[in-house]
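**Student:** One structure, as C-alpha cells, below. Some questions next.
Quick note: the coordinates plus some simple rules give every number you see, no bench work behind them. Please read these numbers as outputs of a predicted model, since none were measured by experiment. Ideal geometry is used to build each Cβ from the backbone, glycine not excepted, and the neighbour counts take in all protein chains shown.
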Amino acid sequence: MLAIRNLSIAFPGPDGPVRVVDGVSLEVARGESLGIVGESGSGKSMLSLATIGLLPRSARTSGEIRLEGRNILGMSERALCGVRGRRIGMIFQEPMTALNPAMTAGQQIAEGIRLHRAAGRAEARAEALRLLDRVRIPDPARRIDSYPHEMSGGQRQRVGIAIALALKPDLLIADEPTTALDVTVQKEILDILDELVADLGLSLILISHDLGVIARSTDRTLVMCRGRAVEQGTTEAVLRQPTAAYTRDLIAALPRRARAGLGAAAPLAAGDAR
Amino acid sequence: MLRHLARRAAGFAVTFLLISVLVFGMMEIVPGDPASAMLGTSATPETLAALRAQMGLDAPAVIRYLRWLGGLLSGDLGVSTTYGVPVGALILERLAVTLPLTGLAVLLAVGIALPLGVTAASRPGGVADGVATLYAQAGIAVPNFWIGLLLIMTVALGLGWLPAGGFPGWGDGPGPALRALLLPALALAIPQSAVLTRVTRASVVEVMNEDFVRTARAKGASVSRALWRHAVPNALVPVITMLGLQISFLIGGAVLVENVFTLPGMGRLAWQALAQRDLIVIQNVVMVFATVVIVVNLGVDLLYTVVDPRLRRRA
Amino acid sequence: MRALVLRPRRGFRLDDATLLVGAVLTALLVGVALLSLVWTPEDPARMRILQKLRGPLVSGLLGTDHLGRDLASMLMRGAFNSLTIAFAAVGLGAVLGTLAGVAAAAGPRFDAVLMRVCDALFALPPILSAIMLGALLGPGAPTAIIAIGVFMIPVFARVTRGAAMQIWAREYIMAARMAGKGTVRITLEHVLPNIAGQIIVQVTIQLAMAILTEAGLSFLGLGLPPPAPTWGRMLAESQTYLTQAPHLALAPGLAIAAAVLGLNLLGDGLAARLDPRRRQAS
C-alpha cells in the first residue's frame, strides 16, 4: 500500500547539504504494522513528515514515496491536502503542544471531517463525539467542549488519536505517540491504538526509540541509524536475532528485565557478560 | 474571572485618581483662574472676589478637587469661560467626532496590518515579507499630520475625491460624516498600521512554528487555513497588547490630525482652549482623554480572555 | 558591518545592512545639525519678501518659503533644534525612568507604587501634557522637553525594570549578596552595566519618537517660538500654500521621516547586535 524507494532527504547546511535520510526503502502492506526504531536524530521523524508531504520548505528530496502507486513527492499541494487526514492520519509526539490551544477538542476533531467530507457542523460534531467515545475519554459529552489546557496529557493524546482517525484513513503514522506520557498512561494509549488499528484494519507506521513499544505493537521493524536503514525484518526476528551491530547495541542498552520482556536472546547481545 | 475583574477595576480606579490629582495639581499652579480669565484685566478686586465666590473658587484646594471629582463622576464639569456652555455638553459634542475618528483609524490600521503582517509571515524572506518590512519601517517614520497634509494635497485638492477638512455633523446620516473622517482616519492609521504590521508578522512567524499548526496541516488543512484558522488566533495577544499601548499615541495623533483637517473634535477643542486660556476646558479634556486611555487598556485586558481560552480560568 | 564585506557566501545580512543604513542616516542628521551652527547657505531667519515661494533650485537648493526665507537653511537649523529638544527630553526620561526601573526591580516595596505611577503617566499623551504645560509655562523648549520627557519615564522604567529583574535572578547576584554587598552597590556594579546595552537601544528608538513628537508640538505651536526654525512649524506654515508651493510641505516631512528612519534602523541594528541569540546565529 505504501512503498518508499530509495528516499533521501537533505537540508542545506553551512558546509553543503546535510543528509538526514539516506537511501531508505520500505514497504507497508494493507493491515500491516511497521515499527521504525532509532535514536533521536536518526531521521525517523523526517521520514514520517515526508510521507505526508510536510517537510520544511528548505528540504531537498530524491527517490519516491508511493501511496497505492501515486508518488507523494510529485503531488501538487492541492492533491496532498486530499491525502493528509483522509488517506494518511498522523499522531504526534507532544500532546501538550500538538493541539491548538484556542480550539475545543470537538472543533479540532471535527475540522478534518468538515474539510474532507463537506459535513455540516452538527454532523461533524456528532462524529467527533463518537470518536471521543472510541478513544475512551471519560465523559465525552463534556470533554468535547474542553480546551486542551483543561485536559491531562493522556486525554490530549486520545484527542490526538481521534483527530488522526477521524476520517478512517488507510494508513496511520504515530510518531513517538507515548514518549511524552507517564508509564501508566503509555499503556492505556497503546491499548487504544492497538485496538483501533485492529478494528479498522489500518496499516500502521509506529515510530519510537522504545523497543518495548515496537515489540508489543508491530509486525515488522525497520532500524534506522544516522539516516540509513540498517536492518529490516519481522519484529520478532529483528529483536531475537539482530544482524546489525547497531541493533544489538540498542538491545544491549536496555535494562535486563526489559530485554527479557522483549523475548530478546541475551547471548546474542554484544558485550553482555551475564 | 470575577476576582481578576475586581482587581483590574481597582487598579483602574487608582490610576484614574492619580491622574486626576496630577491634572488638578498642574492646573492649580497655572497663574490665574477661570474667574480672572472671564473678567479680564479690567475687573475690580471686588467683582473678581464676588465671581470667585459665586463659582466656588474661594474654597480650599482640597474641597475644589473633591467637587471636581464629583463633577467628573456625575458629568457636571462646570461652564466654559469662552463658550459659555456646560463643559460636559461641549465635550460630549466633540467626542462625537473624536471617538469615531479614532475608532475608524483603529479599524483601518488593523485592516491594513493584519493581512499584510500575516501574508509576510506566511513566507518569511519572501516578496511580501520584504514589502511589509519596508512598509513598517517607512510607516513608523512618517508623522501622521504630514501624511494628513499629503492626503489633502493629493486626494482632496488634487483629485477632489474627499473633503480637505471640516465636518458636516451626523445630522445628515453617517455618509457625509464618514467621508469627512476618512482621510484624517487614514492619516492616523498609517503609522499605527506600520507598528502593528511588525508585531503581527513577528507573532505569526513564531506561532507558525508551533506543533499544532503542523497537526492542522496533517489533517489536510491548506496553508492558508492553517495560517488564518490556527496560527492567527493564537498570535493575537501581542497584537492586542500593542493596540492597547498605542491608544496614547492615537489620541495624541488625533489632536494633530484634527487640527490639520479642522475637525471639531476633542483635540481641536483642547488646542483652542489653550489659545483662549480656557482652563476648565483644558483640565476636563485632558482628564477625559486620560480616562479613555485607561478604559481602553482595561478593555484590552478583557479582550485577552476572549482570544486566549487559557487566560479565562486562570484569572 | 564588516561581515557584510567579509562573508559574501552567506549573501548580505539584513541586520548588518540595517545597522549600516541607520548609522549613516543618523551621522548625516547629527552632522547637518552641527554644521548649521557654523554654516548655512543663508541666514535661516533672513526674509526676502521679493523672493517668496520660489521653487527648489530657482532660489537656493530647496527654494524659499512664504516670507522668502531659504528652505534648506531652515531645515538645517531645524535639525539642530529638533535634535536638541529630543536629546534633552530623552535624557530626562532615560535618567528618571532608569532610576525608577532599577529601584522597582531592586525593591518589591517600590514596585507596585512606581508601576502604578508609570501607568498614570503613560495615560497622558505628550501632546496633552504639553497643552497643560503650555498654559503654565507658555510654548517653548521647557514645555516641549518636559512634556516629551515625562511621557518617556514610564517607557524607560518598564524596559529597565524588566531587564534588571532578569539580572537580579542570576546566580552571581546571589553570590554578591552572600559577600555582603548592599542593594545599591549590586545595582551599580552588576545590574546597570549589564542592562546598559538595552538602555542604549531604547535611547536610540526613543530619540526617534521624540523627534516625531517634537515635530507635532511645534506643528501646534507648542515648540520653540519663532524665529527659531522648526520642522513642525515649517509644516504648519506650509498648509496655506499646499497647491501653490508643495515643496514647502514635502521637504520638512521628508527630513523628519529620514531622521526618524535613521534612528529607528540604528536602534534595530544595535538591538540585533546585542541580542545573544541572534549574535550566535551570525
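**Student:** What whole number of Å gives the distance from the Cα centroid of the stretch C:207-222 to the Cα centroid of the stretch C:122-168?
**Tutor:** Using only Cα atoms to place each centre, the spacing works out to 13 Å.
**Student:** Within 10 Å of each Cβ in B:267-277, how many Cβ atoms from other chains are there, averaged over the peptide?
**Tutor:** Details: counts 5, 0, 0, 5, 6, 0, 2, 10, 2, 0, 2.
Going residue by residue through B:267-277 and averaging, the value is 3.
**Student:** Something else: Counting each DSSP H run of 4 or more residues in chain B as -39500 (n - 2.57), what helix-only mean residue ellipticity at 222 nm follows after dividing by all residues, to the nearest 500 deg cm²/dmol?
**Tutor:** Details: 13 runs with 235 residues, N = 315.
It lands at -25500 deg cm²/dmol.
**Student:** Here is a further query. Tally the DSSP beta bridges in the protein assembly as shown and give the antiparallel ones as a percent, rounded to 5. Don't skip to the end; give the middle numbers.
**Tutor:** Values: 26 of 45 bridges.
Antiparallel bridges: around 60 percent, rounded to the nearest 5.
**Student:** Starting from 0 in steps of 5 Å, tell me what percent of the Cα-Cα pairs of the stretch A:182-265 lands in each bin.
**Tutor:** Histogram of Cα-Cα distances, whole percents per bin: 3, 13, 25, 24, 18, 13, 5, 0.
**Student:** Next question, about the same structure. Quick check: convex hull of the Cα atoms in the stretch B:1-74, volume per residue, rounded to a whole Å³?
**Tutor:** 92
**Student:** Tell me, what HN-Hα J-couplings in whole Hz come from the Karplus equation 6.51 cos²θ - 1.76 cosθ + 1.60 at θ = phi - 60° for each residue of the stretch A:236-241, using x for Gly and Pro?
**Tutor:** After applying 6.51 cos²θ - 1.76 cosθ + 1.60, I find 4, 5, 4, 7, 7, 10 Hz.
**Student:** Another question, then. Report, by chain and number, residues whose modeled amide H sits under 5 Å from the one on A:Leu204, excluding near sequence neighbours (fewer than 5 apart, same chain).
**Tutor:** The answer is A:Glu32, A:Ser33, A:Leu34, A:Leu172.
**Student:** Continuing with this model, one more query. Testing the spin-label approximation: label points 7 Å from Cα along Cα→Cβ at B:Leu73 and C:Arg109. State their distance in nm.
**Tutor:** If labels sit at B:Leu73 and C:Arg109, their model points lie 3.2 nm apart.
**Student:** Just to be sure I understand the curve: with the Debye formula and one point per C-alpha of the stretch B:88-313, what is log10 I(q)/I(0) at q = 0.11, 0.13, 0.15, 0.16 Å⁻¹?
**Tutor:** Debye curve over Cα of the stretch B:88-313, log10 I(q)/I(0) at q = 0.11, 0.13, 0.15, 0.16 Å⁻¹: -0.63, -0.83, -1.02, -1.10.
**Student:** Continuing with the same structure: Using a 10 Å cut-off on Cβ atoms, rank the peptides B:171-182, C:102-113, B:93-104, C:260-271 from the highest mean neighbour count down.
**Tutor:** Per-residue Cβ counts within 10 Å, averaged per peptide and sorted highest first, yield C:260-271, B:93-104, C:102-113, B:171-182.
**Student:** Could I ask something else about it? Mind listing the long-range amide H neighbours of C:Arg48? Cut-off is under 5 Å, sequence gap 5 or more, other chains count too, H placed in the peptide plane at 1.01 Å from N.
**Tutor:** C:Gly68, C:Arg69
**Student:** So, counting K/R as plus one and D/E as minus one, what does the shell of residues with Cβ under 11 Å around A:Gly227 add up to?
**Tutor:** Spelling it out: positives minus negatives among the neighbours equals +3.
**Student:** What number comes out for the charge environment of B:Ser80, summing +1 per Lys or Arg and -1 per Asp or Glu over other residues with Cβ under 12 Å away?
**Tutor:** 0
**Student:** Compute the FRET efficiency between C:Leu99 and B:Leu107 as 1/(1 + (r/R0)^6), taking r as their Cβ-Cβ distance and R0 = 35 Å, and round to the nearest 0.05.
**Tutor:** 0.35
**Student:** Wrap a convex hull around the Cα atoms of the protein assembly as shown, take a quarter of its surface area, and give that in square nanometres.
**Tutor:** That works out to 47.2 nm².
**Student:** Moving on to the next point. What nm distance separates the two modelled labels at A:Arg256 and A:Val183, each placed 7 Å from Cα along Cα→Cβ?
**Tutor:** 1.7
**Student:** Over all alpha-carbon pairs in chain C, figure out the percentage whose distance exceeds 33 Å.
**Tutor:** 35
**Student:** For the pair B:Val306/A:Glu27, report the inter-label distance in nm, with labels modelled 7 Å from Cα in the Cβ direction.
**Tutor:** The modelled label-to-label distance comes out at 5.8 nm.
**Student:** With θ set to phi - 60° and the Karplus curve 6.51 cos²θ - 1.76 cosθ + 1.60, what are the ³J(HN,Hα) couplings of the stretch C:155-164 in order, to the nearest whole Hz, using x for Gly and Pro?
**Tutor:** Once θ is set to phi - 60°, the couplings for the stretch C:155-164 become 4, 5, 4, 5, 4, 5, 4, x, 5, 5 Hz.
**Student:** If you bin every alpha carbon distance in chain A into 5 Å steps from zero, what whole percent lands in each bin?
**Tutor:** Answer for chain A: a P(r) of 1, 6, 13, 16, 18, 16, 13, 9, 6, 2, 1, 0, 0 percent.
**Student:** Right, here's the next one. Using a Förster distance of 51 Å, how high is the FRET efficiency between C:Ala176 and B:Gln272, based on the Cβ-Cβ distance and rounded to 0.05?
**Tutor:** With R0 = 51 Å, the Cβ-Cβ based efficiency is 0.35.
**Student:** What number, in nm² with one decimal, is the all-direction average of the projected area of the convex hull of the alpha-carbon atoms of the stretch C:107-251?
**Tutor:** Numbers: hull surface 44.8 nm².
Averaged projected area of the stretch C:107-251's Cα convex hull equals 11.2 nm².
**Student:** Hey, with R₀ at 45 Å, roughly what FRET efficiency would B:Leu39 and B:Ala138 work out to, going by the Cβ-Cβ distance, to 0.05?
**Tutor:** On the way: r = 52 Å, r/R0 = 1.15.
Step by step, r from the Cβ atoms, then E = 0.30.
**Student:** With each run of n ≥ 4 DSSP H residues scored as -39500 (n - 2.57), what mean residue ellipticity at 222 nm is computed for chain A after dividing by its residue count and rounding to the nearest 500 deg cm²/dmol?
**Tutor:** After summing the helix terms and dividing by residue count, I get -11000 deg cm²/dmol.
**Student:** Nearest 10 degrees is fine. How inclined is helix A:105-117 to the longest principal axis of chain A, computing both from alpha carbons?
**Tutor:** Helix A:105-117 and the main axis of chain A meet at about 90 degrees.
**Student:** Please compute, for peptide A:100-106, the average count of beta-carbon atoms on other protein chains lying within 10 Å of each residue's beta-carbon. It would help to have the intermediate numbers written out before the result.
**Tutor:** Values: counts 13, 7, 12, 7, 1, 0, 0.
The shielding value for this peptide is 6.
**Student:** Ordered by residue, what ³J(HN,Hα) values in Hz, to whole numbers, does the stretch A:119-130 give under the Karplus form 6.51 cos²θ - 1.76 cosθ + 1.60, where θ = phi - 60° and Gly and Pro are x?
**Tutor:** Calculated HN-Hα couplings, in order: 7, x, 4, 5, 5, 5, 5, 4, 5, 4, 4, 4 Hz.
**Student:** Moving on to the next point. Under 8 Å for C-alpha pairs, at least 6 residues apart: give me the relative contact order for the stretch B:115-266, rounded to a whole percent.
**Tutor:** Values: 170 pairs, mean separation 48.5, N = 152.
After rounding, I find 32 percent.
**Student:** Using a 10 Å cut-off on Cβ atoms, rank the peptides A:66-75, B:240-249 from the highest mean neighbour count down.
**Tutor:** By packing density, highest mean first, the sequence is B:240-249, A:66-75.
**Student:** Here is a further query. Tilt of helix C:126-137 relative to the longest C-alpha principal axis of chain C, in degrees (0 to 90, nearest 10)?
**Tutor:** Roughly 70 degrees, rounded to the nearest 10.
**Student:** How well do other chains shield peptide B:223-231, expressed as the mean number of their Cβ atoms within 10 Å of each residue Cβ?
**Tutor:** Partner Cβ neighbours, averaged per residue: 2.
**Student:** Here's something else I'd like to know. For chain A, find the longest principal axis of its Cα atoms and tell me its angle to the long axis of helix A:183-200, 0 to 90°, nearest 10.
**Tutor:** Orientation of helix A:183-200: about 70 degrees from the principal axis.
**Student:** Tally Lys and Arg at +1 and Asp and Glu at -1 over the other residues with C-beta under 10 Å from the C-beta of C:Ala105: what net charge comes out?
**Tutor:** Computed value for this residue: 0.
**Student:** Tell me what chain C gives for mean residue ellipticity at 222 nm when only DSSP H runs of n ≥ 4 count, each as -39,500 (n - 2.57), the sum divided by the residue total, rounded to 500 deg cm²/dmol. Working shown, then result.
**Tutor:** Values: 12 runs with 203 residues, N = 282.
About -24000 deg cm²/dmol.
**Student:** Take each of the peptides B:6-14, B:260-268, A:243-251, average the number of other beta-carbon atoms within 10 Å over its residues, and list them starting from the highest.
**Tutor:** B:260-268, A:243-251, B:6-14
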